[in-house]
1. Just to be sure I understand the model, the point goes 7 Å from the Cα along the line to the Cβ. What's the resulting Ala365 to Val247 distance in nm?
2. What is the calculated FRET efficiency for Ser145 to Val373, with r their C-beta to C-beta distance and R₀ = 35 Å, to the nearest 0.05?
3. When the C-alpha atoms of the stretch 112-225 are aligned to their principal axes, what extent does each axis show, in angstrom, from largest down?
4. So if the hydrodynamic radius of the stretch 231-365 is defined as the Kirkwood radius over C-alpha pairs, what does Stokes-Einstein give as its diffusion coefficient at 10 °C and 1.306 mPa s, in µm² per second?
5. Among Phe169, Phe362, rank each residue by its count of other Cβ atoms within 10 Å, from fewest to most, as a rough exposure measure.
6. Would you kindly derive the ³J(HN,Hα) couplings of the stretch 81-95 from the backbone phi angles with the Karplus curve 6.51 cos²θ - 1.76 cosθ + 1.60 (θ = phi - 60°), listing them in order in whole Hz, with x for Gly and Pro?
7. Separation of the stretch 133-161 and the stretch 54-131 by C-alpha centroid, Å?
8. Of the candidates Arg304, Arg67, Arg316, which one comes out as most mobile in a Gaussian network treatment of the chain with C-alpha springs shorter than 10 Å?
Amino acid sequence: MSGAPSPSISSPLERIVALDGLRGIAACIVVVFHYFYLLHPSLIPPFAAPDLAFLLDTPLGLLWNGRFAVSIFFVLSGFVIAGAADRRREWLVVTVVARYLRLAIPVLGSVILAWVLLTLLPTATLELVEFVEEPSPWAAHTYQSEIPSLGVAIADGLVFNFIEGGSQFNNVLWTMQIELIGSVGIFLLYAVATQKLRVLFLIILGLAIYRIWWLPEPYLAFVFGALLYEAHVRGWLRALPPALPLVCLLAGLFLGAPGRGAAERLGVDGMPILQGIGRSQSPVASVAAALILLSIISLQSLQRPLCRPIFRWFGRISFALYLVHVPLLYTLVAFAVVHLSIHPLLLAILYATLTFVLAHVFTVAVDERSLAVIARLRALRRRPAQEV
């Protein structure tokens, strides 16, 4: 992609291309995580054998710790949304509607895809559960046998998954409610708080989420992301001691790597600060993700490899990759395991190939077209004011 911004960290206002690469890597980790979770649950804590679970509690576990990858998504969203809110020059309601459409249009496309596949193969996962010796508990998180109508799927994609915080058509959509509410919260805070008070307001909001409000702890990740944006744009991160970002990176990797149940396995479940290790919806996961993001923002040596074309392509298709990979698992992959004699390694390669190809097509045909539609709608909203 020609004319791309440099990965340099010299200007706080410059778009950080490396964050696209980070988002792409996180999406790939989620794909690997769900593949293992459905077909090889013994590789996923807490179902892994004790010796393997201990290994997965090291940074090696980051290679398929999908729960922590989602925490990285949320922190990145907080950072990016804060930047968008800082530059916003339109009514808040327009911004909120645009954000909803940004999420809802691709989500609807993924739900329709899932509906088509589930209608064609309505019992694939049920057959998989009966076929394998150790069925995954994750297999229960989708519609099987009796598939609702297309109208129900459309309503789910546009409305109900945002209201209910989940979908039986495409179970990764539980994050969309958090994405929408977290984004609106950041936009609202930036609309009412002056620039001098933003950091204070964000700190108060973070404390309120952690100690007072009913909001789930993943919303802390949005606050941390917005605080990182403020620190970055104000130049505070450039004043950090050179070694500190590297320390933050190591701390983030070791805190974020362990899987579910790690606090008990590591014997730190009695320590209030560390008892959230291994839980995706805990302050520890959000803090670890924020530490990793801080290190990447601060260190050009970390940004440079993430700006390579392959990672930037991962970043480009990351949203589509997240949305389309699960419907394939519950249908085509489950069917292949039961009815086709395919070597597990070949099956993994075929699944990865199909997932990346479909994600690229989905990006071009749905995701990027939805962005173009939203841009045109915003232009129509601004045109009358310009004509006057």
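Readers should treat all values here as calculations from the given coordinates under stated rules, not as data from a laboratory. Model, not experiment: these values are computed from the prediction. Backbone-built Cβ (ideal geometry, glycine too); neighbour counts: all protein chains shown.
1. Taking the two extended label points, one gets 5.1 nm.
2. Working: r = 36 Å, r/R0 = 1.03.
Approximately 0.45, to the nearest 0.05.
3. Its Cα atoms span 59, 34, 20 Å along the three principal axes.
4. On the way: Rh = 18.1 Å.
D, rounded to a whole number, is 88 µm²/s.
5. Details: Phe169 27, Phe362 21.
Ordered from fewest to most neighbouring Cβ atoms within 10 Å, Phe169, Phe362 come out as Phe362, Phe169.
6. Result, rounded to whole Hz: 5, 4, x, 5, 5, 5, 8, 4, 10, 9, 4, 4, 5, 5, 4.
7. 16 Å
8. Result: Arg304 has the largest fluctuation of those listed.
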